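The structure appears below as structure tokens.
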There are 4 protein chains.
Amino acid sequence: MQPEPVLDLAHLGHLEMLTPKPDASLRFFVDVMGMAESGREGDSVYLRGWDDYEHHTLKLTAAKKPGMGHMAFRTRSPQALERRVAALKGSGHDIGWTDGDLGHGPAFRCRDPDGHVIELYYETEWYAAPPELKPALKNQAQRFPARGINVRRLDHLNCLASDVRANRIFFEDYLGCRLTEQIVMSDGSEAGMWMTVTNKSYDFAYTRDHTGAKGRFHHLTYAVDSREDVLRAADIFLEAGVPIEAGPHKHAVQQTFFLYVYEPGGNRVEVCNAGARLILAPDWKTIVWTEDERKKGQAWGMKTAESFHTYGTPPVDEME
Amino acid sequence: MQPEPVLDLAHLGHLEMLTPKPDASLRFFVDVMGMAESGREGDSVYLRGWDDYEHHTLKLTAAKKPGMGHMAFRTRSPQALERRVAALKGSGHDIGWTDGDLGHGPAFRCRDPDGHVIELYYETEWYAAPPELKPALKNQAQRFPARGINVRRLDHLNCLASDVRANRIFFEDYLGCRLTEQIVMSDGSEAGMWMTVTNKSYDFAYTRDHTGAKGRFHHLTYAVDSREDVLRAADIFLEAGVPIEAGPHKHAVQQTFFLYVYEPGGNRVEVCNAGARLILAPDWKTIVWTEDERKKGQAWGMKTAESFHTYGTPPVDEME
Amino acid sequence: MQPEPVLDLAHLGHLEMLTPKPDASLRFFVDVMGMAESGREGDSVYLRGWDDYEHHTLKLTAAKKPGMGHMAFRTRSPQALERRVAALKGSGHDIGWTDGDLGHGPAFRCRDPDGHVIELYYETEWYAAPPELKPALKNQAQRFPARGINVRRLDHLNCLASDVRANRIFFEDYLGCRLTEQIVMSDGSEAGMWMTVTNKSYDFAYTRDHTGAKGRFHHLTYAVDSREDVLRAADIFLEAGVPIEAGPHKHAVQQTFFLYVYEPGGNRVEVCNAGARLILAPDWKTIVWTEDERKKGQAWGMKTAESFHTYGTPPVDEME
Amino acid sequence: MQPEPVLDLAHLGHLEMLTPKPDASLRFFVDVMGMAESGREGDSVYLRGWDDYEHHTLKLTAAKKPGMGHMAFRTRSPQALERRVAALKGSGHDIGWTDGDLGHGPAFRCRDPDGHVIELYYETEWYAAPPELKPALKNQAQRFPARGINVRRLDHLNCLASDVRANRIFFEDYLGCRLTEQIVMSDGSEAGMWMTVTNKSYDFAYTRDHTGAKGRFHHLTYAVDSREDVLRAADIFLEAGVPIEAGPHKHAVQQTFFLYVYEPGGNRVEVCNAGARLILAPDWKTIVWTEDERKKGQAWGMKTAESFHTYGTPPVDEME
């Protein structure tokens, strides 16, 4: 009998995005993406989609260069947090405890093999909408904004990595993440991984950084309710002068209906819809895409833009 | 520190539906719902949506009266199944082991306080599409049928119960199900419960049987990808002469976009879409709807049809 | 050989809506419906959807009671206007010329048999978007607002009439309107008419006023791009506290996907989508619905709300 | 005062498509596009979308090479047909009368400057659905098929032309078609034209044949109800192994949401949706796109595939 799976992470909690243009980035997330500001502290503004249950899912922090400050996962229980910390301590990946942040309690920080910073926390502040944002239905966190793209909730993030395989093993072994799909090249090297801790088919992805750089960020994704909402997002990005990199189109991998743009700070942002697709099997069999299969492009034939393999934040030429 | 939640059930696996008109019911599920037949045995035909990963999610069995034969949950692991069986044995709810069925291995049967039969199993047969149903994308179980309503996957089921509270406690205590929303009447009695074992906001619901009968079935629901797909389903049901009971409309409870019809055998069937809504919080705070709130009707004001509270299968006047 | 049809009217141009709550009505049309203000004069504010090509399609005028000030049709040419005026002059329906209004040139006014005021005009002012409302694509009148319901363009209007038949004959004989669908009761009386001067299946409808009152207004309708947009409109009306009368649902007559609400001034407003349906046949054969057919309710079975037959503006008890 | 516009053509009636693989083409249109066969005669099969009111909108004819046999417009009246024939006779464009065809009466044939054959007719046979295709709603021509892509109605066609300007003048002067949008290159030459005789923003388009060939066919387009329906069409084409050339994406010109595929005979076929966009202005001001503007690609940035400018039917290397 196989050992039982580790189920200690509950979901992706939030991401800290660094931006050299904090005012313009904030306007983008509020006016165009339709998000709500739920707090400010120091150089950071905290933001949320209308159906995110926690205080925030995006921490936008002014910085010299764009990129990701950290990603954070909420654990399923205090005990689950303790178990993960015990596993990480002394592993060489551990950084240590922080006192927490606006919206959540103490967090344990660690680093993946590529150097991205990851926080684990359990204690969190449930969002309480102010009167003007109270929803009509009590099972909803916040009033539907009816502004811009109206993103619903944080969906996933994507990092670039110089060594995808090493990162996959780290997330499997230390955090109990499950690999639902991956790309394995003809030489046996791993070029992409999609991992989940929920019934979503992925909560984060790592893809190979073709520049060989380490620790870079690829994109953050918010979910909307339908593919039509993604198309409408494209209309709205066009009107707002937001540069569209690719899409709307359907990925072959994970079948996500996607749209990639650049926020004013230079970070890539995605709006997506997955339809009613969920991974319900507790023993899902990883889908392995070969190099040849990936050359076919996306589901309906669109070729992947070259920038998709090379552009990340911070841009390589701005790294020290 | 609270004890950790039980996470032993992975998802709703399938439902056995009884029908006095097996041929007409089969035609309904295949031609109108767009499902595929994956097996036959005895008086039963096994059916599936195009994205269901197991052999089947619906077992359609010829019987004198309509209703539910049993519901079945897949556990997360063999160990999880053992734990649930240990909890049930000797509880008075237990029935005992079966050898399994077409498509899955040994199953442990039990009964909820209202008498509905529940199976738990772990071993399952993954669906292998025959050549003519092979999908273009390898991360999909079966080719999109492009026929009828094209239901994607089993979503949830709903039973009627004479005592909702007793059933809630049973599912919480013995099976580790989590209560996401409920209706509590002014007199303190519970009139409805929505429970989940996944990130879906519910995998099954029980509502009060206003006739006072026990063990009846309310409906089975398949998911489609968008609200527009539900509207199109209404167009298709209309053309096919399928009686529409209610909808399309949006429930206040759970915000599901719903459409209820009757299959030829007399059972109520729903087609639904939940948008991108998921319950990600591991400590979700149950939403409690009051009697007054429920009187307001559905989200956009539609009043609940009276038949919704009284019609179930088998019909009361056909019960022994 | 049949005489050739009169093709002198080009389309419904605008409607003047009277409101006893001008500020609240204005906020409704701008914030919730997503319309833009294009002018003010006297007690009136002029409004438009983002794809309306003329200066405005709605003139909102402060008044003691809600209702319709007038409806206006643009003719296909100056000559066509002359022909219609010649036909009306001395008919008893004619009122006479006005100097025009903000946004359009001289207009000829007349009255239908029920007393509703109708204007015909040809000269019009094409909308020129100010810089902040310039669209990204030059074949669009105005930037997509990404605010509220984002209604696209005026679609149609509906009046109540004490004598539907008399009004039908007036619109056919004097204005060349074509009857695409109608309701004829068992006693031979006409209870509803849907008429067009375009390829839309109707530009206006008249239905019987069950109160027997004359000259009342039933509703004004703006079009959005999809049925999903109508569903989203329902979500947004709910959040904004706008009373929903009926829908979203699909009419059997004309198959319009509809949603009716009340604007703060008391007038009924509709948001609709017709899919890709057009009447292309120049000799369309009028669809006649019988009394029995109408009793079946709407397309998917919803019964027509009683208020739909009796509530109009001004309300009967406010009429002099 | 300007002369009044000619309004003699009612709409695009049908197209005769030539195919070297008649059986495979027929299967494509029936099984994948979801069309219905309404007749057979000689080497031709007649086909229709579920909301086309005439006997057919596509005549599929076996031939050595793919391409267009002819296009046909229905006139608004018998008198209108007489006027157009009078204008064409002796113009050098006229071919002469035919006795008609399955589904329509006598037709007058002419040729545009590029050599494409055009038929004008008035008498037509309204489609009468056989019992198994009777719709539930009497204002609909045929039952919604719930099979494949379920195309609703013929939308438009596109031809290639060696001299776009000459063709534009022909359609304006002889047939009264209105130019809604066009592409004018930096050297003043016309590279594309979109013309209408209805409230649709175009009923046909001609674009420059970059190979310099004459009389070729570019594509035929059927309309579906929403952009989501076009996305679903892409899913279905992928499953059916139909080659996708481009899309789904949104054209800058006309803002059509498009998807281009190749039917088995080699002809390009489009599925489109225009939302609620209509041209209501009787004096629409032609939108002129410059060479620089067209270099920007489609609305959301997709570059136009090179094959779009060069591939037509018959292929150049198969022309005599």
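The values are calculated or read from the model by the stated rules, or taken from the named source; none is laboratory data. On a predicted model such as this, the values are computed, not experimentally measured, just so you know. We place every Cβ from the backbone using ideal geometry, glycine too, and count neighbours over all the protein chains shown.
A compact table of results
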{"item": "In region A:55-111, the residues that are more than 23 Å from A:H156 (Cβ to Cβ), part of a strand (DSSP E or B) and acidic (D, E)", "result": "A:D94"}
{"item": "Residue within region B:82-95 that is within 14 Å of chain A (Cβ to nearest Cβ), farther than 27 Å from B:F28 by Cα and either among the acidic types (D, E) or in contact with a helix residue (DSSP H, G or I) (Cβ under 9 Å, 6 or more places away or on another chain) (or both) present", "result": "yes"}
{"item": "Which numbered condition D:E263 misses (of (1) more than 9 Å from every other protein chain (Cβ to nearest Cβ); (2) at pLDDT below 95)", "result": "(2)"}
{"item": "Subset tally (residues that are in contact with a helix residue (DSSP H, G or I) (Cβ under 6 Å, 6 or more places away or on another chain) and either within 25 Å of C:N273 (Cα to Cα) or among the β-branched types (V, I, T) (or both)) for region C:162-178", "result": "1"}
{"item": "Hits in region C:271-288 - residues which are within 30 Å of D:L7 (Cβ to Cβ) and either in contact with a Leu (Cβ under 9 Å, 6 or more places away or on another chain) or in a strand (DSSP E or B) (or both)", "result": "C:C272, C:N273, C:L278, C:L280, C:W284, C:T286, C:I287, C:V288"}
{"item": "Residue that is nearest to the other protein chains (Cβ to nearest Cβ), among those in region A:119-159 that are assigned to a loop (DSSP other than H, G, I, E, B) and hydroxyl-bearing (S, T, Y)", "result": "A:Y122"}
{"item": "Residues of region D:28-43 classified as over 17 Å from D:F144 (Cβ atoms), surrounded by 15 or more Cβ atoms within 10 Å (Cβ to Cβ) and more than 18 Å from the chain's Cα centre (by Cα), total", "result": "1"}
{"item": "Residue list for region C:289-304, filter: part of a loop (DSSP other than H, G, I, E, B), within 12 Å of chain D (Cβ to nearest Cβ) and in contact with a strand residue (DSSP E or B) (Cβ under 8 Å, 6 or more places away or on another chain)", "result": "C:Q298, C:A299, C:W300, C:G301"}
{"item": "Odd one out for A:H219, checked against (1) within 24 Å of C:R147 (Cα to Cα); (2) of a type outside the set (K, R); (3) assigned to a strand (DSSP E or B)", "result": "(1)"}
{"item": "Residue match in region C:160-176 (condition: within 14 Å of another protein chain (Cβ to nearest Cβ) and either in a loop (DSSP other than H, G, I, E, B) or touching an Asp or Glu at 6+ places or on another chain (Cβ under 8 Å) (or both))", "result": "yes"}
{"item": "Of all residues making up region D:41-54, the number that are more than 13 Å from chain C (Cβ to nearest Cβ), part of a loop (DSSP other than H, G, I, E, B) and not acidic (D, E)", "result": "1"}
{"item": "Yes/no for B:V6 being free of Cβ contacts under 8 Å to residues at least 40 places away in the same chain, under 26 Å from B:C110 (Cβ atoms) and either assigned to a loop (DSSP other than H, G, I, E, B) or away from chain A (no Cβ under 14 Å) (or both)", "result": "no"}
{"item": "Of all residues making up region B:84-105, the number that are more than 29 Å from B:K21 (Cα to Cα) and surrounded by 15 or more Cβ atoms within 10 Å (Cβ to Cβ)", "result": "6"}
{"item": "Verdict on C:E228 being outside any loop (DSSP other than H, G, I, E, B), at the interface with chain D (Cβ under 10 Å from one of its Cβ atoms), closer than 30 Å to D:E54 by Cα and modelled with pLDDT under 95", "result": "no"}
{"item": "Filter result for the condition that a residue is farther than 25 Å from B:Y311 by Cα, small (G, A, S) and in contact (Cβ under 8 Å) with a residue 40 or more places away in the chain, over B:A62, B:A87, B:A107", "result": "B:A87"}
{"item": "Filtered residue count, region B:182-208, keeping only those that are in contact with a Cys (Cβ under 6 Å, 6 or more places away or on another chain) and outside any strand (DSSP E or B)", "result": "1"}
{"item": "Only one of A:E190, A:E132, A:E125 that is over 22 Å from A:D225 (Cα atoms) and more than 22 Å from the chain's Cα centre (by Cα)", "result": "A:E132"}
{"item": "Hits in region D:63-82 - residues which are out of contact with any strand residue (DSSP E or B) (no Cβ under 7 Å at 6 or more places or on another chain), surrounded by 15 or more Cβ atoms within 10 Å (Cβ to Cβ) and among the charged types (D, E, K, R)", "result": "D:E82"}
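Per-residue answers, yes or no, for (1) within 14 Å of chain D (Cβ to nearest Cβ); (2) under 30 Å from C:S189 (Cα atoms):
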| position | (1), (2) |
| --- | --- |
| C:D209 | no, yes |
| C:F217 | no, yes |
| C:A234 | no, no |
| C:A240 | no, no |
| C:A246 | no, yes |
| C:Q254 | yes, yes |
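A quick yes/no check of all residues on (1) over 30 Å from C:G241 (Cβ atoms); (2) touching a residue at least 40 places away in the same chain (Cβ under 8 Å):
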| position | (1), (2) |
| --- | --- |
| C:F29 | no, yes |
| C:R40 | no, no |
| C:L47 | no, no |
| C:A72 | yes, yes |
| C:Q79 | yes, no |
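This table checks each residue for (1) in contact (Cβ under 8 Å) with a residue 12 or more places away in the chain; (2) surrounded by fewer than 19 Cβ atoms within 10 Å (Cβ to Cβ); (3) within 19 Å of D:F204 (Cβ to Cβ); (4) not polar (S, T, N, Q).
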residue	(1), (2), (3), (4)
D:A234	yes, no, no, yes
D:P243	yes, yes, no, yes
D:F257	yes, no, yes, yes
D:Y262	yes, no, no, yes
D:R268	yes, no, yes, yes
D:C272	yes, no, yes, yes
D:T286	yes, yes, yes, no
D:G297	yes, yes, no, yes
D:H309	yes, yes, yes, yes
